[in-house]
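Just so it is clear, none of the values below were taken in a lab; they were calculated from the coordinates. Quick caveat: nothing in here was measured; it's all calculated off a predicted structure. Neighbour counts are summed over all protein chains in view; Cβ atoms, including those assigned to glycine, are modelled from backbone coordinates with ideal geometry.
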Amino acid sequence: MTGPSDVAGDQIRPSRALAGAVAGVLAAAVAMGAAQFAAGLGVPQSSPVLAVGQAAIDLTPPQVKDFAVSAFGADDKTVLLGGILVVLAASAAVLGRLAVRRLGFGMWGLAIFASIGLAAALTRPAATVGYVVPTLVGSAAGAFALTWLVRAAARLGAAADVLFPFDLHPELTDPAQPADPARSASPAEPERPSDPACAAVPAVRAGPAYSFTSLPHPDDQASSRWPARRWFLISSGAAAAVAALGAAAGRNLTNEHNIAAARAAIRFPRPAVPAPPLPAGSNLVVPGLGSFITPDDSFYRVDTALLVPQVDPATWRLRIHGMVQREVTITFTDLLRRPLIEAYITLTCVSDPVGGPYVGNAKWLGASLAGLIRQARPLAGANQLLCTSVDGFTSGTPLAIVLDGRDALLAMAMNGMALPAAHGFPVRMVVPGLYGYVSATKWVTDIEVTTFAAASAYWPQRGWAQRAPIKTESRIDVPADGASLAPGRTPVAGVAWAQHKGVAAVEVRVDGGPWHEARLAAVPGIDTWRQWVWEWPAAPGQHLVEARAIDATGYTQTAAQVQPIPNGASGYPSAQVTVRS
């Protein structure tokens, strides 16, 4: 036979636990929505979720970052934010379940998360006092929502307790003690109709808080519970609506910071040094081969910014200081007035694996970085430019390379248009021949002339090399790895790069056999990648196709397989293909 405590456990415990979990998740959603709204009113980067995400990026070991980039590519930041939200939701559900037992547990948990958000926000490189506001606003809203929802959940539980008090008050149940006959037969108590459900409820001993005759009849269960349930559902719906409205309003306010209009309004003067015309044959007509110019929306993006900085060119400033005879501060308008240089330059990320996607070629327009550095007159002994982004990221660029005559630019335009926000608008650095993490600072606002001994940039602090010249490399675009091909003449094509040295030749071999020289596309200079193609008389079977580049100095791409850390990957790119019979 089922006892009363069993019935109560089935009815009360699951409903209260579920209601508590829902209350916790919704309170967290309200907190995040309110914080997002407050961040939208002030500084978007001060959002506690973003601040915690940025801190997670900074504290993540390089090996984990490498895995994230290789596994998720450009979606790595989305995956990180999704993971943070999942952890928050799970933690909030646990705190909600604790809070329905004692509200103080939930408040302590909320305080801990608020402390984490404040610590993350205040330790951002560009943090101001205003960075604490979103976290405080979100915490206050979350505390109010948690209190309200927990009370609604407790009301739901209280309705069940009145129906089945035995689970929470076992001392009221005593099968050995019969019910008080006087009370059970009281003439003042109307006679209940016969109901089989009543037979399942044993007699209880009268107590100060409960008596059998004071309990609602089982027929009253629906009318007792549904008002409490409705109230909890209404409260939950209201909390969800507030959270959604806060997040949407915050997102709209953040979008108001968007600099699309300012970007579209910029008119660039004619370059003092225009890029040379593209020579005939710079683009080989091979289906699947990457184009000589990489479109903006296809150009790789690897950086540490969870939210793309929106920097108004009207307020942008670049300060050059440190080991210099005179400090230089320049505005965007000042930069536009300087002689502008246009150049085709290929950028490469150090985390690019052999044959990987993190390389692209574009036409850049900007002012000479070397000219500005010389204007500041570096002191003897200086050998590094410690360059800082608006979001606090730093790169360390060798001073000698910037001053050696190559087209090191403070770039303002990409492929004929103002820089996209995701690629550094309004100003970024572009230095041919160096991996991006030591040369291509986006949203750059500060350059300190210093030494490598005195200062270490973001990635060298995490185990990467301080000086990082790009290695001579190549990539096979066609055929794709794992492709199934028809027999006969088949193009094997790709790109090769050796920035500021130039690609002199590319060779291809099949199944470890002899090397065959590929046909090279024309290029406008030595700072870009170069397309290549070789016609392969493909025979049926399984084949391994490999390639290697030779630069203008005579160096041949090495076969040694090396991972990206600490100074770039190496090895032959390859494609395993099947030629059908």
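Summary of values
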| item | result |
| --- | --- |
| Gained length - D404 relative to L245, 0.36 nm times residue gap less alpha-carbon distance | 51.8 nm |
| Residue order, fewest to most beta carbons within 10 Å, for M417, M107 | M417, M107 |
| Sites F67 and R319 - FRET efficiency at Förster radius 56 Å, r taken between beta-carbons, to 0.05 | 0.95 |
| Exposure proxy order (Cβ contacts within 10 Å, fewest to most) of C349, C387 | C349, C387 |
| Full-stretch length increase - Y555, L103 - with 0.36 nm per residue and alpha-carbon distance subtracted | 155.8 nm |
| Distance between the range 243-300 and the range 84-149 - C-alpha centres, whole angstrom | 38 Å |
| Mean-position separation - Cα centroids, the range 408-434 and the range 313-345, in angstrom | 13 Å |
| Percent of alpha-carbon pairs separated by more than 25 Å within the range 218-375 | 61 percent |
| Using θ = phi - 60° and Karplus 6.51 cos²θ - 1.76 cosθ + 1.60, couplings along the range 554-571 (whole Hz; Gly, Pro as x) | x, 6, 10, 3, 7, 7, 4, 7, 10, 6, x, 6, x, 9, x, 6, 8, x |
| Peptide ranges 507-515, 466-474 listed from the most packed, as the mean C-beta count within 10 angstrom indicates | 466-474, 507-515 |
| Inter-probe distance in nm under a simple model that places probes 7 Å from Cα toward Cβ, at Q563 and V79 | 1.6 nm |
| Interchain or long-range residues, amide H under 5 Å from W316's placed H | F332 |
| In Hz, Karplus ³J(HN,Hα) per residue of the range 118-126 (6.51, -1.76, 1.60; θ = phi - 60°; x = Gly, Pro) | 5, 4, 5, 5, 6, 9, 5, x, 9 |
| Added length on full extension, which subtracts the Cα-Cα distance from 0.36 nm per residue, A261 to S456 | 66.5 nm |
| Derived scalar couplings ³J(HN,Hα) [the range 356-366; Karplus, 6.51 cos²θ - 1.76 cosθ + 1.60; whole Hz; x for Gly, Pro] | x, x, 8, 8, x, 10, 8, 9, 10, 10, x |
| Amide H within-cut-off set for V324, under 5 Å, with H built and near neighbours excluded | L379 |
